[in-house]
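Presented below is the structure to which this report refers.
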Amino acid sequence: MYRSMNIRGFLIILGLILVVFLVLHPILRSNLNQKTEEEKALQLALTQLEDENRDLNARLSVVGTADYIVSSAMENYSYMNRDDIRFEYANPEALYAYSEEEIRIWMDEIGD
């Protein structure tokens, strides 16, 4: 014997499904909107980080070249001009006549 569902039971189940849908739909929609905003913010942050990475890589490729040394010395330290001759020392300590220890001893002798 086949048992069939009456129309009243079908309408109750359909009503419950509709109520659950109407309750969950705004919640799921707000979550979706929130996630969309988060995605936009993360995309913007990613774009900014990619731009910064490109700038840093461009700077890194220039650092250590002769042009970088000259421009850095001119801009930051005012050490030289474009037409000046650049000297690089392998042992810069050799430029100083006395070590710090010798200068300290000398200052102590003068102070006495």
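Read the figures in this text as sums done on the coordinates, not as results from a lab. Quick caveat, the model's predicted, so the values are computed rather than measured. Glycine gets a Cβ as well: all are built from the backbone with ideal geometry, and neighbour counts include every protein chain shown.
Odds and ends about this structure:
- Backbone HN-Hα couplings from phi across region 52-67 [Karplus 6.51/-1.76/1.60, Hz, Gly and Pro as x]: 5, 5, 4, 4, 5, 5, 5, 5, 5, 6, 8, 4, x, 6, 4, 4
- Translational D in µm²/s for the chain (Stokes-Einstein at 25 °C, 0.890 mPa s, Kirkwood Rh from C-alpha pairs): 105
- Put in line by how crowded their Cβ is, counting other Cβ atoms within 10 Å and starting with the fewest, MET107, MET74 read MET107, MET74.
- Of the residues ALA97, VAL20, ILE7, the one whose Cα sits farthest toward the positive end of the charge dipole of the chain, with +1 on the Cβ of Lys and Arg and -1 on the Cβ of Asp and Glu, is ILE7.
- Helix 100-111 and the longest principal axis of the C-alpha atoms of the chain enclose an angle of approximately 60°.
- Coil-residue chymotrypsin sites (Phe, Trp or Tyr not before Pro) of region 8-106, DSSP, other Cβ within 10 Å capped at 13: TYR79, PHE87, TYR89, TYR96, TYR98
- Projected label points at GLN43 and PHE10, each 7 Å from Cα along the beta carbon direction, are separated by 4.5 nanometres.
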